Amino acid sequence: MSIASEPTPVTTLPPLDDAAVASIGDYRANTLWRLTLRRLFRQKSAVVGLILLALLLFSALFAPLIAPYDPEQPLIGIENVGKRDGPCIHLLGCPADQPQHIMGIDGNFRDVFSRIIYGTRVSLYVGLLTVSFAVVTGTLLGAIAGFFGGWADNIIMRILDVVLAFPFLLLAIAIVSVLGPGLTNAMLAIAIISIPSYARVTRASVLSVRQMDFIEASRALGGQQLAHPLRPHSAQRATAAHRRGHVGHRHGHSGHGRPVVHRPGGTAADAGVGRDAGPGAQPGLQRAAPGLLPRPGHHADRAGLQSAGRRPARRPRPAPRPRQRRGQRVRKKSLTQRRKERQAQKDSELGVLCVFA
Amino acid sequence: MTQYTIRRLLAAIPVVIGVLIVTFALARAIPGEPCTAMFGEKATPEVCAIFNAEKGLDKPLTTQFAIFARDMLRGDFGDSIRFKRPVMQILIERLPQTIELGIASVVIAISIGIPLGIISALRRNSPTDVATMIGANIGVSMPVFWLGLMLIYVFALLLKDTPFQMPASGRLSAGMSPVPFYEVYGWALTEGTFGAKLAEFISNFYIFNSIITADWEVLVDAVRHLILPAVALATIPLAIVARMTRSAMLEVLGQDYVRTARAKGLRRRQVVMKHAFRNALLPIVTIIGLQFGLVLSGAILTETTFGLAGVGRSLYEAITARDYPIIQGFVVVIAVGYVLVNLLVDLSYAILDPRIQLD
C-alpha cells in the first residue's frame with residue numbers, strides 16, 4: 001500500500017516551501033477512494049468490465065442517436081422488408097437499394113438493432129433497481145440478524161431460508177400474478193428472490209466482525225447499540241479499519257494482520273481449526289484464527305469492481321502467517337461460538353453461490 | 001455425526017412448515033380458479049359449485065389448510081385436480097427424470113470443471129488459464145434455452161444421419177419400453193404398498209433400471225436422449241465449478257504446507273492431488289450441492305426445450321392450471337430435497353476434512 005510516509009518529526013520546522021506543500025497535497029490525496037480507484041484500474045478484468053458497462057450506459061443514454069429506426073414502429077408499408085429478414089449490411093455486399101438493417105428484421109417487421117439499443121435501457125434499469133433493492137434490504141436484514149443474534153436472527157434467517165428453499169419459478173409467477181404483470185412487478189420478483197443471498201453474506205461478515213475489539217471499544221465508549229450494525233462495522237469499514245491497523249493485536253495476528261479478504265475458499269476448513277492450519281501449521285494458532293478476519297465481499301474475486309476497495313490488486317503473496325508471541329494467550333472459543341462461525345461461513349458461501357446462480 | 005444429522009433434520013422442520021404455508025398461500029393467491037382454468041368458457045357458477053364441492057375447494061381456507069397439513073403428515077399428497085390422479089403417483093413418474101437429468105449434468109460439470117479449474121490454477125496466467133476463464137465467463141452468461149436450441153440444431157439437424165446424431169426430445173425413442181426391474185426379477189409386489197411405490201420410483205430411473213436388468217438397448221437409447229439436455233444444463237454449473245476450483249486451488253497452493261511438501265521431495269502430482277486438492281475440495285463440494293439443489297427446481301427451461309416431463313415443467317403446468325395439490329406436493333418435495341442436499345454437503349465436510357467435528 002503506497003501511503004506516503006509522514007515526514008519525520010524535526011525539532012525546528014523548516015520553512016514551508018513549495019515541495020513540502022505539494023507533498024502534503026499528495027498525502028491527503030491518498031484517500032481510500034483514490035486508492036480504491038487506483039487498484040480498480042490496475043485489474044484487467046475490472047477495466048474490461050467497466051468498458052463493457054460504459055458501452056451499455058452509452059447506448060442506453062444515446063439510444064435515439066444510435067438507433068437508426070424507431071424500436072416500436074413496424075416497418076411494414078414503410079420499407080420493402082419482409083418478416084424475419086436476415087441482416088442487410090451495405091458494407092458487406094447488401095445491394096445499396098435495399099434499406100440497411102444490421103441485425104435484420106423481427107417477426108413484427110421491426111428493426112432488431114434499434115430494439116436492442118433501446119433494450120439496454122430496460123436492462124440497465126431493471127438490473128440497477130433490482131440489485132440495489134435487494135442489496136439494501138438484504139444487507140439490512142443480514143446486519144440485523146447477525147448483530148442482534150438470538151430470536152431476531154432465528155426469525156429472519158428462517159424466513160429467508162424459506163425463500164431460498166422455494167422454487168424460484170413459483171415465487172416469480174406468484175408475485176407477478178398477484179401484483180399483475182409489468183416491468184415493476186417483475187423487478188420486484190427478481191429482487192425478493194435475491195434478497196436471501198445478500199442477507200446471508202452480510203450476516204456472515206457481521207457475525208465475524210462483531211466480536212472484534214473495536215466494536216467492543218465503541219460499546220464501552222457508550223456508542224449506541226443501533227449504530228453498530230449500521231455503521232462502524234459494515235463490511236468495508238471493518239476491512240478498512242482493519243487495514244489501518246486499528247484492530248486485532250490481541251487476536252494473534254499481529255497488527256496489520258492480513259488485509260486480504262477471505263474468500264469463500266475458507267469454508268468449514270477453518271471452522272474448528274484455523275485457516276492456516278494446514279498439515280504444517282503451528283498449533284495454538286488454530287483456535288485463534290477463524291472468524292477473526294472480516295470476510296466481506298466474497299465475490300470480490302470475481303467482480304474486480306467490488307474487490308478493489310478491499311484487497312490488493314494483485315493476488316497477494318501468501319500472507320505471512322501471524323506469529324504467536326511466546327507467552328501470549330490465545331483466546332479459546334466456546335463451542336457455540338465456533339458453531340455459529342461455521343454456519344456463518346457456510347452462509348456466506350451460499351450467498352455467493354446464489355448470486356452466481 | 002448422528003446427533004448432528006438429527007439436529008439438522010429437526011432444524012429443517014420449521015423451514016419445511018414455512019414452505020408449506022407459503023406454498024399454500026401463494027397457490028391460492030394466484031388469480032383465477034381451478035374451475036375456470038379447467039372448464040374455460042363452460043365454467044358456469046353451477047358447474048363450478050359442484051366442482052368445488054367435489055374437490056373440497058368450497059371450504060374455508062383455514063379448513064383447507066388443516067386438511068392439507070394433516071394429509072401431508074400422513075404422507076398423502078392429495079389428488080391432482082386436473083389429472084384426477086394421486087400427486088404421489090405423478091411424482092413417482094416425474095421426479096426420477098429430473099433427478100437423472102440433475103445427476104447427469106452435475107457429473108458432467110464435475111468431471112470437466114474440476115480438472116479445468118486445477119489446470120488453470122497450476123498454470124496461472126498462462127494461455128490455458130486465460131482461455132479457460134474466458135470460456136467459464138461465457139458459460140456463465142449463456143442462456144440455457146438458447147444453448148439448448150443450438151445443441152438441438154447442431155446435433156439433431158446438422159449432424160443428422162451421422163453417428164453423432166442425438167435425439168432432440170423425450171426420454172426414450174418411440175417403441176422403447178423399459179421393463180421395470182421388479183418384473184424382470186419376478187418380484188411379487190402388492191399394489192399400493194410403500195414397497196411397490198418405491199420399486200416403481202426406482203424403476204423410473206431408466207438408466208439405472210436398464211443397467212440392473214441388463215437391457216443395453218434401452219440403456220444406450222436413454223443415455224443418448226439424456227446427453228443434450230444434460231450438457232445444456234451442465235454449462236453454467238461447469239463454469240462455476242471451474243472458477244471455484246481455480247480460486248480454491250490458488251488459495252491452497254499458496255500456503256506454506258504445500259511448499260513444505262514440495263521441499264521434502266514429494267512429487268508435484270502427489271502434492272497437488274493429495275495435499276492441495278483435498279483441502280480445496282470443501283468449497284467445491286458446497287457449490288456442487290447447491291447446483292444440484294437448484295437443478296431440482298430450476299431445470300424448467302431445459303425440460304421445456306427438450307420436451308421432458310420433469311419436475312420443473314410439471315410445476316409450471318400446474319401453476320397455469322391452478323392445480324393446487326400438484327403445486328403444493330412438488331414444492332414441498334423440492335424444498336425437502338434442497339434441505340437434504342444441504343445436509344449431505346455439510347456431512348461430507350466431516351468426511352473430507354477429518355479436522356471438522358460436526359457435533
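The values are calculated or read from the model by the stated rules, or taken from the named source; none is laboratory data. Just so it is clear, the structure is predicted and the values come from calculations on it, not from any experiment. A quick note on method: Cβ atoms are made from the backbone with ideal geometry, for glycine too, and the neighbour counts reach across all protein chains shown.
Over 30 Å from B:G192 (Cβ atoms) and either in a helix (DSSP H, G or I) or of a type in the set (D, E, K, R) (or both): is that true of B:L91 in this structure? First the steps, then the outcome.
Values: over 30 Å from B:G192 (Cβ atoms): no; either in a helix (DSSP H, G or I) or of a type in the set (D, E, K, R) (or both): yes.
In short, no.
Being more than 14 Å from every other protein chain (Cβ to nearest Cβ), within 30 Å of B:I284 (Cα to Cα) and under 25 Å from the mean Cα position of the chain (by Cα) is the requirement here; does B:A104 meet it?
Values: more than 14 Å from every other protein chain (Cβ to nearest Cβ): yes; within 30 Å of B:I284 (Cα to Cα): yes; under 25 Å from the mean Cα position of the chain (by Cα): yes.
Yes, satisfied.
For B:L340, all conditions in the list (1) surrounded by fewer than 23 Cβ atoms within 10 Å (Cβ to Cβ); (2) in contact with a Pro (Cβ under 9 Å, 6 or more places away or on another chain) hold save one; what is the number of the exception?
Among (1) surrounded by fewer than 23 Cβ atoms within 10 Å (Cβ to Cβ); (2) in contact with a Pro (Cβ under 9 Å, 6 or more places away or on another chain), B:L340 violates only (2).
Could you check the stretch B:231-244 and list, in sequence order, the residues that are facing another protein chain (nearest Cβ under 10 Å) and either surrounded by fewer than 24 Cβ atoms within 10 Å (Cβ to Cβ) or of a type outside the set (D, E, K, R) (or both)? Break it down into steps so the answer makes sense when it comes.
If we filter the stretch B:231-244 for residues that are facing another protein chain (nearest Cβ under 10 Å), which is where we start, we get B:236-237, B:239-240, B:243-244.
Passing the criteria: B:I236, B:P237, B:A239, B:I240, B:M244.
Hey, does the stretch B:331-338 have a residue that's more than 11 Å from chain A (Cβ to nearest Cβ) and over 20 Å from B:I110 (Cβ atoms)?
Within the stretch B:331-338, the subset more than 11 Å from chain A (Cβ to nearest Cβ) is none.
So far as the stretch B:331-338 goes, no, none of its residues is more than 11 Å from chain A (Cβ to nearest Cβ) and over 20 Å from B:I110 (Cβ atoms).
Starting from the stretch B:203-225, keep only residues that are farther than 12 Å from B:S173 by Cβ and touching a residue at least 40 places away in the same chain (Cβ under 8 Å), then list their pairs with residues that are among the polar types (S, T, N, Q) and assigned to a helix (DSSP H, G or I) whose Cβ atoms are within a distance under 8 Å, requiring at least 6 positions of separation or different chains.
B:N204/B:Q97
What's the total number of residues in the stretch A:136-167 that are farther than 30 Å from B:Q328 by Cβ and buried (at least 16 other Cβ atoms within 10 Å of the Cβ)?
Here the count works out to 7.
Please state which of the following conditions B:G265 fails to meet, knowing it meets all the rest: (1) at pLDDT 90 or above; (2) farther than 29 Å from B:L290 by Cα.
With (1) at pLDDT 90 or above; (2) farther than 29 Å from B:L290 by Cα applied to B:G265, the lone miss is (1).
Would it be correct to say that A:A241 is farther than 30 Å from B:L347 by Cα, within 13 Å of chain B (Cβ to nearest Cβ) and either surrounded by 22 or more Cβ atoms within 10 Å (Cβ to Cβ) or modelled with pLDDT under 55 (or both)?
Numbers: farther than 30 Å from B:L347 by Cα: yes; within 13 Å of chain B (Cβ to nearest Cβ): no; either surrounded by 22 or more Cβ atoms within 10 Å (Cβ to Cβ) or modelled with pLDDT under 55 (or both): yes.
So A:A241 does not fit the description; no.
Which one of the conditions (1) closer than 19 Å to B:F330 by Cβ; (2) touching a residue at least 24 places away in the same chain (Cβ under 8 Å) does B:A104 fail to meet, given that it meets all the rest?
(1)
Can you tell me how many residues within the stretch B:27-43 are surrounded by 14 or more Cβ atoms within 10 Å (Cβ to Cβ), free of Cβ contacts under 8 Å to residues at least 40 places away in the same chain and outside any helix (DSSP H, G or I)?
The qualifying residues number 1.
Within the stretch B:310-327, is there a residue that is within 11 Å of chain A (Cβ to nearest Cβ) and on the phi > 0 side of the Ramachandran plot?
yes
Would you say A:F113 is touching a His at 6+ places or on another chain (Cβ under 7 Å), crowded, with 17+ Cβ neighbours inside 10 Å and not polar (S, T, N, Q)? Can you show your working first?
Working: touching a His at 6+ places or on another chain (Cβ under 7 Å): yes; crowded, with 17+ Cβ neighbours inside 10 Å: yes; not polar (S, T, N, Q): yes.
Against the criterion (touching a His at 6+ places or on another chain (Cβ under 7 Å), crowded, with 17+ Cβ neighbours inside 10 Å and not polar (S, T, N, Q)), A:F113 qualifies.
Can you name every residue in the stretch B:183-218 that is within 14 Å of B:L95 (Cα to Cα), polar (S, T, N, Q) and in a helix (DSSP H, G or I)?
B:S203
When the stretch B:81-124 is examined, which residues are found to be crowded, with 22+ Cβ neighbours inside 10 Å and touching a strand residue (DSSP E or B) at 6+ places or on another chain (Cβ under 9 Å)?
B:V87
Kindly indicate whether any position in the stretch B:256-279 is in contact (Cβ under 8 Å) with a residue 40 or more places away in the chain, within 9 Å of chain A (Cβ to nearest Cβ) and touching a Gly at 6+ places or on another chain (Cβ under 9 Å). Give the steps one after another, and end with the answer.
Initially, the stretch B:256-279 is screened for residues in contact (Cβ under 8 Å) with a residue 40 or more places away in the chain, giving B:272, B:277-279.
Now restrict to residues that are within 9 Å of chain A (Cβ to nearest Cβ): B:279.
Adding the requirement that they be touching a Gly at 6+ places or on another chain (Cβ under 9 Å) leaves B:279.
Within the stretch B:256-279, one or more residues are in contact (Cβ under 8 Å) with a residue 40 or more places away in the chain, within 9 Å of chain A (Cβ to nearest Cβ) and touching a Gly at 6+ places or on another chain (Cβ under 9 Å).
Where in the stretch A:158-228 are the helices (runs of 4 or more DSSP H), entirely inside, with at least 1 residues that are within 14 Å of chain B (Cβ to nearest Cβ)? Write out each step before concluding.
Values: elements: A:168-179, A:183-209, A:213-220.
Because the criterion is at least 1 residues that are within 14 Å of chain B (Cβ to nearest Cβ), the helices (runs of 4 or more DSSP H) in the stretch A:158-228 that meet it are A:168-179, A:183-209.
Could you list, in sequence order, all residues of the stretch B:289-304 that are more than 7 Å from chain A (Cβ to nearest Cβ) and surrounded by fewer than 24 Cβ atoms within 10 Å (Cβ to Cβ)?
Listed by number, the residues that qualify are B:G289, B:F292, B:L301, B:T304.
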